[in-house]
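Student: Mind having a look at this structure? Questions to follow.
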Amino acid sequence: MEGKQTKLVIAIDGFSSCGKSTMAKDIAKRMGYIYVDTGAMYRAVTLYALRNNWIKDDNIDKKNLIDSLDDIKISFQYNQENQSNITFLNGENIETEIRQLKVSDNVSIVAAIAEVRKHLVKLQQEFGKDAGVVMDGRDIGTVVFPNADLKIFMTADPLIRAQRRYDELKAKGDLVTIEEILANVEKRDHIDQTREESPLTKADDAITLDNSHLTPVEQTAQVMQWIKDKITEKDS
Ligand code: DC
């Protein structure tokens, strides 16, 4: 579907471990669009804070973190062909480290800080200023790109999500239990939905995609159909 046709801004929001980024990367590849993983940006800031010992027992040294935001340079190297997306923090490849449980456990408190969000939203708007972008996160359709052409809100049963995350981490050799992962998924859902700053909500004009019982092939077919319909609608 690549070519001269109308390019869209596609916003994918939803709960953690729903497979948002896998789907977003796949769609970006099929459409020849750029992909931006906004969760990785919040994870990168969290890693920076952890390395500076600014997070202890769910308490965060906000002042130091906010004062340092301009020193935290986040960039991506995305290879459309093999769909690998590497996140860099001040030039260092941090892709593996930001997926570890230590970061997952602390990222929600960082993502709840208004100044952090303001800073990252600005960067995200810059990354996606030209159409032909797939961006995934929690507030893409509501805050970052409220005028996105296509908004998808992804969800799946928490236990199914925990199992998927568990399989992923286990394959990488992380020693975690399913109970730990489920607790992390539920904790993040709760914080994401109840935080004051840009809580996770479905935009009024977003389409819900519950993939608890969908195969990746069925899911892709559904989303590609929505994209096709949207392009036809825009072109007509
Ligand atoms: O998608 P993820 O699990 O990598 O996201 C990591 C955390 O960042 C998650 O707890 C919610 C937060 N996040 C957010 O608040 N806003 C976004 N646009 C993306 C992620």
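The values are calculated or read from the model by the stated rules, or taken from the named source; none is laboratory data. Nothing here was measured: the structure is a model prediction, and the numbers come from that model. With ideal geometry, Cβ positions are generated from the backbone for all residues, glycine too; neighbour counts draw on all protein chains shown. Surface accessibility is based on the protein's heavy atoms, side chains included, excluding ligands, DNA and RNA. Shrake-Rupley method; radii C 1.70, N 1.55, O 1.52, S 1.80 Å.
Student: What is the gain in length, in nm to one decimal, between residue 30 and residue 96 on full extension, counting 0.36 nm per residue of separation less the C-alpha to C-alpha distance?
Tutor: Extra length from residue 30 to residue 96 when fully extended: 21.2 nm.
Student: Through the Karplus equation 6.51 cos²θ - 1.76 cosθ + 1.60, θ set to phi - 60°, convert the phi angles of the range 66-82 into ³J(HN,Hα) values in whole Hz; use x for Gly and Pro.
Tutor: 4, 5, 9, 3, 6, 8, 9, 9, 10, 9, 10, 10, 10, 9, 4, 4, 9
Student: Right, here's the next one. Going Cα to Cα from residue 63, which lysines come in below 17 Å? Please leave out same-chain ones fewer than 8 positions away.
Tutor: Once the sequence-local lysines are set aside, what remains near residue 63 is 118.
Student: Taking only protein heavy atoms and a 1.4 Å probe, what accessible area per residue, in Å², does the range 1-116 have with all protein chains in place?
Tutor: 44
Student: If you don't mind, there's one more thing I want to ask. Pop out the ³J(HN,Hα) list for the range 23-29 in order, Karplus 6.51 cos²θ - 1.76 cosθ + 1.60 with θ = phi - 60°, rounded to Hz; leave Gly and Pro as x.
Tutor: Going residue by residue, I get 5, 4, 5, 4, 5, 4, 5 Hz, with x marking Gly and Pro.
Student: Within 10 Å, count the other beta carbons around each residue, average over each peptide in 104-112, 118-126, and list them highest first.
Tutor: 104-112, 118-126
Student: Which residue, chosen from 175, 231, 213, occupies the Cα position most advanced towards the positive end of the dipole of the chain, where the dipole is computed from +1 (Lys, Arg) and -1 (Asp, Glu) charges on Cβ about the Cα centre?
Tutor: The Cα lying farthest towards the positive end belongs to 231.
Student: Past the 21 angstrom mark, what percentage of all C-alpha to C-alpha distances in the chain do you count?
Tutor: 56
Student: Please report, in debye to the nearest 20, how large the charge dipole of the range 83-213 is about its Cα centre when each Lys and Arg carries +1 at its beta carbon and each Asp and Glu carries -1 there.
Tutor: Around 100 debye, computed over the range 83-213.
Student: Here is a follow-up. Which whole-Hz ³J(HN,Hα) couplings does the range 89-101 yield from phi under the Karplus relation 6.51 cos²θ - 1.76 cosθ + 1.60, θ = phi - 60°, glycine and proline marked x?
Tutor: Karplus-based 3J(HN,Hα) across the range 89-101 equals 10, 6, x, 9, 6, 10, 3, 6, 4, 6, 8, 6, 4 Hz.
Student: With +1 on the Cβ of every Lys and Arg and -1 on the Cβ of every Asp and Glu, and nothing else charged, how large is the dipole of the chain about its Cα centre, in debye rounded to the nearest 20?
Tutor: 320
Student: Also, I was wondering about something else. Arrange the residues 194, 142 by how much accessible surface each exposes, largest first, with a 1.4 angstrom probe.
Tutor: 194, 142
Student: Can you pull the one-decimal nm distance between simple spin-label points at residue 210 and residue 196, each 7 Å off the Cα toward Cβ?
Tutor: The answer from the label model is 3.3 nm.
Student: Determine the distance separating the Cα centre of the range 81-123 from the Cα centre of the range 210-236; give it in Å without decimals.
Tutor: What the calculation gives is 28 Å, centre to centre.
Student: Further question: Using 1/(1 + (r/R0)^6) with R0 = 22 angstrom and r between the beta carbons of residue 187 and residue 159, what's the FRET efficiency to the nearest 0.05?
Tutor: That pair, residue 187 with residue 159, gives E of 0.90.
Student: Could I have the simple spin-label model distance between residue 78 and residue 180, label points 7 Å from Cα toward Cβ, reported in nm to one decimal?
Tutor: 3.1
Student: Positive end of the charge dipole of the chain (Lys, Arg +1 and Asp, Glu -1 on Cβ, about the Cα centre): tell me which of 88, 222, 15 has its Cα farthest that way.
Tutor: Towards the positive end, the residue furthest out is 88.
Student: Have a look at 101, 203, 69 and report the one farthest towards the positive end of the charge dipole of the chain, computed about the Cα centre with Cβ charges (Lys/Arg +1, Asp/Glu -1).
Tutor: Value computed over the given set: 69.
Student: Give me the extension gain from residue 131 to residue 115: residue separation times 0.36 nm, minus the current Cα-Cα distance, reported in nm with one decimal.
Tutor: Length gained, residue 131 through residue 115: 3.1 nm.
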